[in-house]
Amino acid sequence: MKKSIWPVLIVILVAAVGGIAYYLHTQRTEPPPVAAVQPAPEAPPPAPQSHYPIEEEPVAAPTPPKPLPGLDESDAEAQASLGGVFGQQTLVDLFQLKGIIRRIVATIDNLPRDKVAGRLLAVKPVPGHFTVDGAEGSRSIAAENYARYTPYVHAAQVVDAKKLVSVYVHLYPLFQQTYVSLGYPDGYFNDRLVQVIDNLLAAPTPAAPVRLDQPNVLFTYADPELEALSAGQKMLVRMGPANEAIVKDKLRQIRIEVTSRVHKP
């Protein structure tokens, strides 16, 4: 079994077409000249519809905020922003910092799939070795294996969901640009994020011990229903029921914050 792993300025199109007609009352018998009517400018085509379009946060400062860097130069901005919510040391210890925006988008996009490529992960591999109990033919995940996930689960548990989503909103144009570059020209990364959270929240919490097979080098779940889960769901099962409950609780908080930022016409 492989080692495990870990929006927001959607363009709001507002079109307003209007005119002011006026009549000057005079004693003249001839009618006033009629102003030539200029054709209204053609409106741009509407943007693709999103289920969860992010609403831009109001800016209280009298001056406009500093523009975001380009995606290729975004590491320092992303690290400073994320470090402000996770803590710089936690960021260094747990996250892959080079190309972190691209890594976060790739990781999130792949969690509901069958596999996640290790080279694209946004977090560092869990330390230590995957441990099992029992002899061949009756193996299961060892309870002590769950402790390997403690630093990651603790980071998720203590992070402020409101502050984290505020950083996400601030950096969203970079997340969206990356998502489009993956081959989703009409997609919205925030829609994908909500889909992924829902997929993770649907993960089961099987009773221990979780039985394993080892058809080759890697372990698989003995239960076909567990083995058919997405990569992200398998990760949650692998970290143990207590850790899974903590992570799911934070995911629910983040989902509430993300969807509460949705623009309402």
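Read-outs: derived from the displayed coordinates by stated rules, not from any lab. Because the structure is a prediction, the values reported are computed rather than measured.
Listing for the model above:
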read-out: Principal axis box of region 157-265, alpha-carbon based, largest edge first, Å; value: 50, 33, 23
read-out: Tensor-based shape of region 137-190 (alpha-carbon gyration tensor, a/c under 1.5 rounded, otherwise prolate or oblate); value: oblate
read-out: Over region 71-260, equivalent-ellipsoid semi-axes from the Cα gyration tensor in Å; value: 30, 18, 16
